[in-house]
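Participant: Here it is, the structure, as structure tokens.
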Amino acid sequence: MVDIEQACIVMHDAYEKAAVGAGWETNPESRKPWADVPESNKVTMRAAVEALVNWLADDQADDQLPQSWGCNNPDCETCI
């Protein structure tokens, strides 16, 4: 079983490192260690990581990407 919080730390660090490598600046509020990231950003990352883990666990990795990754943020205009 995947520890979602640990997976979020890995993904957050990888995202920040990839952004630096691409010459792109991330949000200053979240450009810090996971423990110091605002809770609203953590909620989003947790939802994304959990959706990916669930998708991979369902052996759907060779299928098309799902239409919705299951964003639970009611304020997200992209997912409404």
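Participant: Among the numbered conditions (1) exposed (fewer than 10 other Cβ atoms within 10 Å of the Cβ); (2) modelled with pLDDT of 95 or more; (3) not aromatic (Phe, Trp, Tyr), tell me where Glu77 comes up short.
Facilitator: (2)
Participant: Condition first: small (Gly, Ala, Ser) and over 26 Å from Ala57 (Cα atoms). Now tell me which residues in segment 1-39 satisfy that. First the steps, then the outcome.
Facilitator: So in segment 1-39, the residues small (Gly, Ala, Ser) come out as 7, 14, 18-19, 21-23, 30, 35.
Within segment 1-39, Ala19, Gly21, Ala22, Gly23, Ser30, Ala35 meet the criteria.
Participant: Tell me which residues, restricted to segment 11-53, are within 10 Å of the chain's Cα centre (by Cα) and of a type in the set (A, V, I, L, M).
Facilitator: Of everything in segment 11-53, those that are within 10 Å of the chain's Cα centre (by Cα) and of a type in the set (A, V, I, L, M) turn out to be Met11, Val43, Met45, Ala47, Ala48, Val49, Ala51, Leu52.
The rows are residues; the columns are (1) touching a Pro at 6+ places or on another chain (Cβ under 7 Å); (2) at negative phi; (3) at pLDDT 65 or above.
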position: Glu16; (1), (2), (3): no, yes, yes
position: Asn27; (1), (2), (3): no, yes, yes
position: Pro33; (1), (2), (3): no, yes, yes
position: Asp36; (1), (2), (3): no, yes, yes
position: Glu39; (1), (2), (3): no, yes, yes
position: Ala51; (1), (2), (3): no, yes, yes
position: Asp59; (1), (2), (3): no, no, yes
position: Trp69; (1), (2), (3): no, yes, no
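Participant: Looking at segment 21-39 only, could you name the residues that are surrounded by 12 or more Cβ atoms within 10 Å (Cβ to Cβ) and assigned to a helix (DSSP H, G or I)?
Facilitator: Answer for segment 21-39, where residues must be surrounded by 12 or more Cβ atoms within 10 Å (Cβ to Cβ) and assigned to a helix (DSSP H, G or I): just Trp34.
The values are calculated or read from the model by the stated rules, or taken from the named source; none is laboratory data. Because the structure is predicted, anything quoted here is derived from the model rather than measured. All Cβ positions, even for glycine, are placed from backbone atoms using ideal geometry, and neighbour counts span all protein chains on display.
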